[in-house]
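The values are calculated or read from the model by the stated rules, or taken from the named source; none is laboratory data. The shown structure was predicted, so the numbers you read here are calculated from the model rather than taken from an experiment. Cβ: placed from backbone, ideal geometry, glycine included. Neighbour counts: every protein chain shown.
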Amino acid sequence: MKLLNQSLKYLSVSLLFVVSLWAFVFYFNILNEIKESMDEGLENYKRQILYKVQADTSILHQNNFEEGFFAIQPVARAAALSAKDRYTDTMLYMQDADDETPELEPVRMLSTVFEHQDRYYRLDIINSMVEEDDLVKELFREALWLYLVLVAGLILINRYVLQRLWRPFYSLLDQLKGFRLGSNQALPVVATDTKEFSDLQQAVRALLQHSTETYEQQKEFIGNAAHELQTPLAVATNKLELMLEKGNFEAAQAEGIGSVMQIIERMVRLNKSLLLLTRIESKQFLNEELVPVHLLVRQSVSDLEEMAAFRQVSMTLSASATLFATMDNALATIIVSNLVRNALFHNIPSGTVQISISGHTLTIRNSGHHEALDREKIFSRFYKPGARQSGTGLGLAIVKAICELYGFSVSYDFAGGLHCFVVDFQTHR
Amino acid sequence: MKILIIEDEDALRETLAASLAQEHFVIETAADFHTAREKIGVYDYDCILLDIMLPGGNGLALLAELKQSDKAENVIIISAKDSLDDKLKGLELGADDYLTKPFHIAELNARVKAVLRRKKLDGKNRIEVANMLLDIGERLLFINGEQVPLNRKEFDVLNYFLLNRNRLVTKTALAEHVWGDDIDQADNFDFIYYQIKNLRKKLQTADLSIEAVYGIGYKLVEK
């Protein structure tokens, strides 16, 4: 859930509570206010009635509410003396304009006593009051409206104001998503006055800078290490070769030297592969040209024809179309030759290698080990399934690195007993 | 034949010198930029092996000087840097070849011989040894004047052996030269053996033979 919606969710829930509480408090306040103002009105009536009584005693006989809003009844002196002004809420049968029959309606009543010509009377004055359930209903409706308007307002604010406020954040996020270590991209940058965002940006930039430096250093280190090894390896190889030429060895001794040479040879190949990987990753191949991949495949197949015949592996090439890729020619050759050699060398006697080209893809299927290889690991460095010792374990890692350099995709699959590698020479970036 | 080896790594320089001395070349060596520059200024060499990274200066600068005096075509660059830039620059400056360290002695031998051979080319590019004639341009083999058919790889193998006559050619050096360098050696020794066996059959009437050396490599010798 997006942060904006998240905040909307929490705000609307808490607003619901706030508005309800407000409605509750407001209801009692307004009710009190109404009563107070009514009570003042009743007090006022009381005075007017007492004043009238002086002039017109006939109203002393109005002892029920049928003719007006007050009733006067004589009371005993003792009761009168102990009585005080009393305001009460009560119900009376009344007939409003909209009622067909009299109904019980809430009224506010002031009960008081007064003395007139040594006699005591009780005076009840009523005033029709607002119906509480009406009030509640009305208030509920208003509160609901208030709530809806508030939420609508929030959504609008979210959409326009907050989204605007968060824009630098999303922009930074987008740039981070597209950021790859070692790709020589500019560090993410957003223009913002918000302190949090500029802090975030600084922290992110510092982190990326550090990571990039570390990455570069490591890459350089691997490159330098491999590079520095070249000369000692050259000396070792050549000295042994000279030694074998000159020396008068017994077969066993010569065999020993031979196996040392093979080990050095392995180191040389490993070293060359590491150097190649470093150079691919540091983008030292920038001679992009339109490479006829189908011709490279044909060349590779014909180069390995005799080898395939010797290993009793049948190689077939079905190229229905031409396949051109925009890339470095040397790297294209490496992709093709690594995959074709791979298919041939990791094969079984009387096995097959089927190569096909169609559209943008090169597909190479080969028989071999009867189980699928680990799809996750097959392209990682130094992955050697089984007990194979001779390979460098870098051939497919190099293919993968080249594909990543150009945004091509390379995938592995195992179907029908055949290992299948597919390279899509279309740039997916 | 006079060859100058410009290489700062002592052990490598001595090994290269020892190996080339077996071919009866006159070898001179230089361990740094200034020595090399002096020698180049004073003498003419039939072939110069030039390391690019030298104490005192860049080998490419030496190459540029050689180019000015039209002597660059005898240069084989030997560098630990397998960098396309350097390679292109070197070849642009007129170097004949570019060899990345580490390399096999047989490979260096072949390249040096190729430079010398080109230099002496008198219109025909062919090697005549004993009763055998190899036409490099036409890629044809004649034994006693009769053509013997060779497939492409067999021709390459034989040519390589002829460039390294009487020298040990290890199986790995052969595999790298003929089948490309990222071949897994253990997988291919059987294949090389098989190829050599076929080649030997075709050379039956020649006064040359390919001898196995300790099971590590082969040597082409005159019978």
Filtered residue count, the range A:277-300, keeping only those that are over 13 Å from A:Ala332 (Cα atoms) and either in a loop (DSSP other than H, G, I, E, B) or touching a helix residue (DSSP H, G or I) at 6+ places or on another chain (Cβ under 7 Å) (or both): 6
Please find, within the range B:1-11, the residue that is surrounded by the most Cβ atoms within 10 Å (Cβ to Cβ) out of those that are part of a loop (DSSP other than H, G, I, E, B) and within 14 Å of another protein chain (Cβ to nearest Cβ). B:Glu7
Those residues that are within 60 Å of the chain's Cα centre (by Cα) and loosely packed, with under 14 Cβ neighbours inside 10 Å, I need them from the range A:240-271; list them, please. A:Ser259, A:Val260, A:Ile263
Tell me which residues, restricted to the range A:144-193, are of a type in the set (Phe, Trp, Tyr) and either under 29 Å from A:Thr278 (Cβ atoms) or at pLDDT below 85 (or both). A:Phe179
Top-ranked residue of the range A:366-399 - restricted to ones that are of a type in the set (A, V, I, L, M) and surrounded by fewer than 17 Cβ atoms within 10 Å (Cβ to Cβ), ranked as farthest from the other protein chains (Cβ to nearest Cβ): A:Ala372
Given the options A:Gln185, A:Gln201, A:Gln175, name the one that is part of a helix (DSSP H, G or I) and either of a type in the set (Phe, Trp, Tyr) or within 21 Å of A:Glu404 (Cβ to Cβ) (or both). A:Gln175
Take A:Thr363 and decide whether it is away from chain B (no Cβ under 14 Å), β-branched (Val, Ile, Thr) and part of a strand (DSSP E or B). yes
Which pairs turn up if I take residues in the range B:187-209 that are closer than 18 Å to B:Leu162 by Cβ and in contact (Cβ under 8 Å) with a residue 12 or more places away in the chain and look for partners that are surrounded by fewer than 17 Cβ atoms within 10 Å (Cβ to Cβ) and of a type in the set (Ser, Thr, Tyr) with beta carbon separation below 8 Å, at least 6 apart in sequence or on another chain? B:Leu203/B:Ser209
Could you please tell me which pairs satisfy a Cβ distance under 8 Å, a separation of 6+ or placement on different chains, a first residue in the range A:262-280 that is at the interface with chain B (Cβ under 7 Å from one of its Cβ atoms), and a second residue that is of a type in the set (Val, Ile, Thr) and assigned to a helix (DSSP H, G or I)? A:Gln262/B:Thr172; A:Glu265/A:Thr237; A:Glu265/B:Thr172; A:Val268/A:Thr237
Filter the range B:19-38 down to residues that are under 21 Å from B:Asp97 (Cα atoms) and in a helix (DSSP H, G or I) and give me whichever is nearest to the other protein chains (Cβ to nearest Cβ). B:Ser19
Is the range B:44-58 home to any residue that is over 15 Å from the mean Cα position of the chain (by Cα), within 14 Å of chain A (Cβ to nearest Cβ), over 25 Å from A:Asp328 (Cβ atoms) and in a loop (DSSP other than H, G, I, E, B)? yes
Quick check on my filter: what residues within the range B:73-97 are surrounded by 22 or more Cβ atoms within 10 Å (Cβ to Cβ), among the hydrophobic types (A, V, I, L, M, F, W, C) and not in a loop (DSSP other than H, G, I, E, B)? B:Val75, B:Ile77, B:Ile78
If we ask which residues in the range A:248-260 are more than 7 Å from chain B (Cβ to nearest Cβ) and not charged (D, E, K, R), their number turns out to be 7
Considering only the range B:98-209, give the helices (runs of 4 or more DSSP H) lying wholly within it that have at least 3 residues that are within 14 Å of chain A (Cβ to nearest Cβ) and more than 22 Å from A:Ala236 (Cα to Cα). B:152-163, B:185-202
In the range B:73-87, is there at least one residue being charged (D, E, K, R), touching a residue at least 40 places away in the same chain (Cβ under 8 Å) and within 27 Å of A:Ala226 (Cβ to Cβ)? no
Residues of the range A:209-238 that turn out to be within 14 Å of chain B (Cβ to nearest Cβ) and not acidic (Asp, Glu), as a count: 15
Considering only the range A:289-300, I want to know if a residue exists there that is within 11 Å of chain B (Cβ to nearest Cβ), more than 13 Å from A:Val340 (Cβ to Cβ), without any contact (Cβ under 8 Å) to a residue 40 or more places away in the chain and not acidic (Asp, Glu). no
Does B:Leu88 satisfy being closer than 30 Å to A:Leu276 by Cα, touching a strand residue (DSSP E or B) at 6+ places or on another chain (Cβ under 6 Å) and among the aliphatic types (A, V, I, L, M)? no
Please determine whether any residue of the range B:72-82 is under 30 Å from B:Lys201 (Cβ atoms), within 14 Å of another protein chain (Cβ to nearest Cβ) and touching a helix residue (DSSP H, G or I) at 6+ places or on another chain (Cβ under 6 Å). no
Filter pass, B:Val169 being of a type in the set (A, V, I, L, M), surrounded by fewer than 21 Cβ atoms within 10 Å (Cβ to Cβ) and not assigned by TED's automatic domain parsing to the domain that holds B:Arg111: no
Out of everything in the range A:341-355 that is within 11 Å of chain B (Cβ to nearest Cβ) and assigned to a helix (DSSP H, G or I), what residue ends up being nearest to B:Asp190 (Cα to Cα)? A:Phe345
Restricting to the range A:306-330, name every residue that is at pLDDT below 90, within 14 Å of another protein chain (Cβ to nearest Cβ) and in contact with a strand residue (DSSP E or B) (Cβ under 7 Å, 6 or more places away or on another chain). A:Ala308, A:Asn329
Can you tell me which residue within the range A:73-107, out of those that are under 15 Å from A:Asn127 (Cα atoms) and among the hydrophobic types (A, V, I, L, M, F, W, C), is surrounded by the fewest Cβ atoms within 10 Å (Cβ to Cβ)? A:Leu104
Whichever residue in the range B:12-30 is touching a residue at least 24 places away in the same chain (Cβ under 8 Å) and in contact with a strand residue (DSSP E or B) (Cβ under 8 Å, 6 or more places away or on another chain) and, among such residues, is surrounded by the fewest Cβ atoms within 10 Å (Cβ to Cβ): B:Val26
